[in-house]
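Below: the structure, in structure tokens.
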Amino acid sequence: MRALARAIQNLELPAVEKISQHHQDPFEVLIATMLSAQTRDPVTAAASERLFRVAATPGSVAKLPEKRIARLIYPVSFYRNKARHVKATCRLIVERHGGLPGVGRKTANLVLILSFRSLENICVDTHVHRISNRLGWVKTRTPADTERALYKAIAARWWPYINLYLVTWGQHVCRPLYPRCEACVLRRSCARVGVAQR
């Protein structure tokens, strides 16, 4: 983890990390994280900014027509579904403060880490799941299994940083296809599970 912390210092941060640095509001981190699923970081950042320029509170987003939200967040992946979830989430935040559609463990954990500075959560997205298994830290099939396994496999002081380090590393070096193993600071200790020899 220390090697990764040093290695990512000059790399571009994931979009949600950048948003959390500029927007301390947990609501904005939540919505940006919802938009980020299966979407490239520049698209997430631009879509979030467009939406927040028009409506920056749960109440103001809830009042927007779903089609307007969809136009504002396009071209994020699944923008129509996400527009529906964002609107419903904002409505529920305003009405009940509970049961948030489109907010799973990954999103909830990331919001807790970035906005509430939680030290007790691990956020597992596709990069964290893939790289944790590739390194041999865990042997799991799903992100939920990976999260549970990482709580046991990694010292607690690193929990809030795992997502930042592995997502950044996964976007630049340990990519899903054609990982750049020769450029990896962890190559000597990596099990390279699932990596074809080239």
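The values are calculated or read from the model by the stated rules, or taken from the named source; none is laboratory data. Predicted model only: the values in this text are computed from it and were never measured. A quick note on method: Cβ atoms are made from the backbone with ideal geometry, for glycine too, and the neighbour counts reach across all protein chains shown. The accessibility values were calculated without ligands, DNA or RNA, using every heavy atom of the protein model including side chains. Shrake-Rupley method; radii C 1.70, N 1.55, O 1.52, S 1.80 Å.
Values for this structure:
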| quantity | calculated |
| --- | --- |
| Qualifying residues in the range 18-34 (those that are open to solvent by 20 Å² or more (accessible area, probe 1.4 Å) and either farther than 13 Å from residue 58 by Cβ or assigned to a loop (DSSP other than H, G, I, E, B) (or both)) - the one modelled with the highest pLDDT | 18 |
| Members of the range 164-183 that are aromatic (Phe, Trp, Tyr) and either open to solvent by less than 30 Å² (accessible area, probe 1.4 Å) or in contact with a Gly (Cβ under 8 Å, 6 or more places away or on another chain) (or both) | 165, 169 |
| Helices (runs of 4 or more DSSP H) enclosed by the range 45-163 - at least 1 residues per element that are over 22 Å from residue 7 (Cα atoms) and open to solvent by less than 60 Å² (accessible area, probe 1.4 Å) | 58-63, 66-73, 79-95, 105-116, 143-153 |
| Matching residues, the range 1-10, being open to solvent by less than 50 Å² (accessible area, probe 1.4 Å) and either in contact with a Pro (Cβ under 9 Å, 6 or more places away or on another chain) or assigned to a loop (DSSP other than H, G, I, E, B) (or both) | 1, 8 |
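Residues are listed down the side, and each one gets a yes or a no for (1) more than 21 Å from residue 13 (Cβ to Cβ); (2) at pLDDT 95 or above:
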position: 100; (1), (2): yes, no
position: 107; (1), (2): no, no
position: 112; (1), (2): no, no
position: 122; (1), (2): no, yes
position: 132; (1), (2): no, yes
position: 136; (1), (2): yes, yes
position: 149; (1), (2): yes, yes
